[in-house]
Each structure stands twice: as C-alpha cells, then as structure tokens.
Amino acid sequence: MNLLNLLDKNSRIQISMVHFLMDYNTKTNITAMIEELSLTRFLFETNIKEVSSILDQLDIGLSLKYDKTQDNITLQKDNHASLDKFYYYYLEDSVGYQILIYLYRHPNYSIVELSRSLSLSEAAIYRQLKKLNDEIKEFDIQIRKGTIIGDELQICYFFFQLLWVAMPLDELEKKTNDHSSLRFVDYLEMKLEQNFTSEAKLKLYLWIRILKTRIVKQPTLDSNPTIQMLFDFQKEDSIYQIIRDAYFLSLSHSAVFGSAHNAIYLYLFISSMSILPPNAKTLIDDHYWPTINPQIISLNELVVDKVRTAYQIDSKNIDETFIINWKYYLTQIHGSLLYFKGNISFLDEKILSERLLKATVFIPNFELTQQILDEAEQLVNQPLLYETKELVTRIYLYFINQMKRFSTSQITIGVHSSDDYLHSNIMVETVKTEFDNHFFITCEIAERGKNYDILITNSTLSLCDFHYKDLYITNNFKTNMDVDALRVLLMKHSPQKKLTKKAINTKKNVRQ
C-alpha cells in the first residue's frame, strides 16, 4: 500500500516537486521541471508557492528559492532535514487517513457517526471506503458492516504498519508510551536478558498500544492457522515461553485473564520485526536457526541451499559474523512473510526498485530469485501477494549479492604495470574500488605463469609472461571508457552469466 494514494492530486504534485528538486541538487530550470513532471505552467506556479509556504511553516530544514525572472528554482537543505514531517503534513489532512485513524480508535462505527466526525456526506464516506478497501486488500482485510473484517492479527499488523510509516517517530513516541507499557517492556528486557534499542522499544510500545485498542475484538484462537501451528511447538520455544510468562506475570493492563492471544501476538511480532539483535543469547543457544518454526526453517534453508549451489560456495569459507547476521535476517523476513500480509510505504515500487536495489546490486540474478520464490510458494502452500513478492525479491537479490563474495567461482584479475611495483599496486586498488562491490573478483599484481580470467596491463611487452583469457590494455589513469569496457568484460566472466547459459541449455534438453 502506497500512502501517496491516500492524497489528493495537488498534494502528490507538491511531494513530487520536492523529490525532483532533491534529485537535481542544484539550480533547476523551471521549464525543464514542468516538462519532466508533466505539469502545466499554471499547476506548477500554484503548487510551488504552496510548497514554499508549507516548508517555511514546518521549519524542517528545507526551503525554496524561486526566481521566476531567471526561470530557475533551488531547494536548499540543511544536514538535519527530514521529509517525515513533510509527508505527514499532507497525510494528516487527507480524508482517507482520517477515516483509517477513526476506525483504529473506534473498532465499531456507524456511517452517521463517521460522517458527522469528518464533516462529510454519507455518500462521500461510502466513496472513500470503497477506495480504501482497494488499498488495504493486500492485508487481506476489508471495511464492511460497521467494522474492519478479517483476521485480528492482520488488522493489528495493518494499523502497526500505518502508524509506524505515517507518523514521524518522535511524534509517535509521545503518543504510544504509557506507564504500564513501559513497565512491561522493562520486565521483558530483564526476562530476555537483553537491552532493547530505542527503536525496538518504540515498536513494542506501538504494538502493545494497538493490542490494547483492539482488546474489544477477541478472536477465536483456532481461527488462524499460524496461531494453531504455534501450539504444536510452543513448549519447545524458549522465547515464546519467556514472552508468555512475562505477559501474564507483568502488571500490564493489556493482559486478559484466561486468554493467550495477546501473548501469541507479542511473540509473533518479536519474532519477525527485528526486536532482538542477531547476537541475542536467547536466539543462538539451542538451535542452528533462531526459530523452531519448521516452515521458516525450510524457507531459510531453501534460500541458502539455492544460492550456495548456484555460486559454488563452501560454507567453511563464509565469514562467521555474516552467518550469524543472515541466519537472523532470513528468519525475521520469513517470519514476517508467514505471519503477516501486506506492506505500507511512502515510496512507489519504481523508486524502491531503482534506488534501493540498483544501489546495492549491480547484476541482479532475477532468474535464481524467481526459482526461490516459486519453491517458497510451494512451501507455504499459497501464492504470495504481488507486493510481498516485490519486497522479498529485493531482499533475496541483496542476499545473493552478499553471498557471492564467498563463491569459489571468482573472476580472477591480474594487473601488471611496466612502470614499477607502486603503479601496479595503484592499478590493483583502482580496480578493487571500482568493481569489488558489484562483482565477485580477486585482483592482484599479476604473477608469471599464473592463470587469470582478465589481465589488465599498460604494455604488451610482457604478455608472454602471463596466462589469461581476456586482455585489457589501459593507460596509467582511469577513464570512463576504461570503466565501461572492463564492466563488459566482468559481466562476460560473472558466475551469473555461466548460470544463465546452463539454465538455457537445461531448458533446451528438457524440450528435446
């Protein structure tokens, strides 16, 4: 769910203007900006004045300099500027968000009361509810018959996502803390032998507040297959037992005598929202994976085995810290995938893919990721939502990119300079700096008689001293042409290229 969809046209235009100016990062030609954002001159001038006024009003470290006579505009940003309050300014004023907040505070409502509260006609309320149902369907919930219909765990998770993403965290902190929640989290820290981070505490305060707000809606425990599965192995799960005992023994007013559902919701939340750190003692003591949920373990092992096989990775070569961190993160990711549906963001999918993915993964292995996703759907016995697939795809691609560092199928690069040893070292460091984060390479000063995938040198005089598959002649300084040409050579030798060819040949054989 993209929160921008809850805003009116002018609000979306104004946010897109700020995004554009932050990207441009200098004086911007107004005519070019109008064309890029597909605006009329009237729309531009109307909205840019309002943006400037709003930024001055919010005082968040952003300001506009608009020079109409010179046809340019500049966005000035200080080092502490944040867009959170800027986004929230628009969202808080949107009808869709106001309706959702009303439903959060009133689990049961009437159209008449809702209409009166928002000063809207009943017809306008019905139109807004229809639009909201389209937005929240990825959470498998709907607004009908005076309430939100769906699994109670999903409803709680939706409101957590909504409030966590929508509100600036400093404002959220003021609204979620209360004495009983503070005492409960302190007690939970003691029982888990762990000091939570400020962010982890705030997540817990918000989750507890939501459980308290939704307490009037008591679900049937066996109505959710995830919760039913938990009963099969809860006695073996030490973390669940600690959370359950802390819940019932604490003085938290959210505890309901005789009901275990809130304790279970707390456990599921802590198990998938990165509350505990990767090296928490309670996570690594008894099991290889920091979970005993068999579905999560199967998903974890699926991802690791597929990547390890594809890139010929020996587990003994993987850094121990990397193993601890990714055992934890894969478990959290798959826990979230199994326990919850839906995701909320203030960025559209294109930005998330282009900015988050391309910044960290130069050659994304979509083929391998798709294979993992196909088998993951079989393991969870249901198709994944499109939004979930997009989110998990980005995470898998990043994991693959990180795992490639430990591959035995490295691209070997030998570097030789005819000048001296110092120049050879400089060339080695230049190649590493440019390509080490994008390709799995080993780069060294070339040794006589050693085999290399690529030999980089500034002279053909000594070629007979080295063995190589591809040669690249470079000058004693790096140019963009050098970088582009070497990137093509590296892509030719990358393990993914070999994997793709192998997959194509396999498909051909299957057809034959």
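The values are calculated or read from the model by the stated rules, or taken from the named source; none is laboratory data. Please read these numbers as outputs of a predicted model, since none were measured by experiment. Because the Cβ atoms are built from the backbone with ideal geometry, glycine has one as well, and the counts that use them run over all protein chains shown. Accessible surface is based on the protein model in full, side chains and every heavy atom, while ligands, DNA and RNA are left aside. Shrake-Rupley method; radii C 1.70, N 1.55, O 1.52, S 1.80 Å.
Looking at Asn437, Asn401, which one is outside any helix (DSSP H, G or I), at pLDDT below 85 and of a type in the set (S, T, N, Q)?
Within the list Asn437, Asn401, the selection yields Asn437.
Going through Leu230, Leu221 one at a time, which residue ends up being at pLDDT 70 or above and closer than 19 Å to Phe340 by Cα?
Checking each option against the conditions leaves just Leu230.
Since Val95 meets every condition but one in (1) touching a Gly at 6+ places or on another chain (Cβ under 9 Å); (2) crowded, with 16+ Cβ neighbours inside 10 Å, which condition does it not meet?
Single failed check for Val95: (1).
Output the qualifying pairs, or none if there are none: Cβ atoms under 6 angstrom, residues six or more apart or on different chains, first residue in the stretch 454-475 and among the hydroxyl-bearing types (Ser, Thr, Tyr), second residue open to solvent by 30 Å² or more (accessible area, probe 1.4 Å).
Sorted first by the residue in the stretch 454-475, then by its partner, the pairs are Thr457/His416; Ser459/Ser418; Thr474/Asn458.
So in the stretch 51-82, with the set limited to residues that are touching a Leu at 6+ places or on another chain (Cβ under 6 Å) and in a helix (DSSP H, G or I), which one is nearest to Glu35 (Cα to Cα)?
In this case the residue turns out to be Ser52.
So for the stretch 24-41 (the condition being among the acidic types (Asp, Glu), open to solvent by 100 Å² or more (accessible area, probe 1.4 Å) and touching a residue at least 12 places away in the same chain (Cβ under 8 Å)), does at least one residue qualify?
Yes, that holds for at least one residue.
Can you report the number of residues in the stretch 134-148 which are open to solvent by less than 70 Å² (accessible area, probe 1.4 Å) and either outside any helix (DSSP H, G or I) or over 17 Å from Ser345 (Cα atoms) (or both)?
6
Please specify each residue of the stretch 323-340 satisfying the condition of being open to solvent by 20 Å² or more (accessible area, probe 1.4 Å) and either within 21 Å of Arg405 (Cβ to Cβ) or not in a helix (DSSP H, G or I) (or both).
Correct list: Ile323, Ile324, Asn325, Trp326, Lys327, Tyr329, Ile333.
Considering only the stretch 102-130, how many residues are surrounded by 14 or more Cβ atoms within 10 Å (Cβ to Cβ) and either free of Cβ contacts under 8 Å to residues at least 60 places away in the same chain or of a type in the set (Asp, Glu) (or both)?
Count: 12.
Restricting attention to the stretch 368-420, which residues are open to solvent by 30 Å² or more (accessible area, probe 1.4 Å) and within 29 Å of Ile456 (Cβ to Cβ)?
Passing the criteria: Tyr398, Gln402, Arg405, Thr408, Gln410, Thr412, His416, Ser418, Asp419, Asp420.
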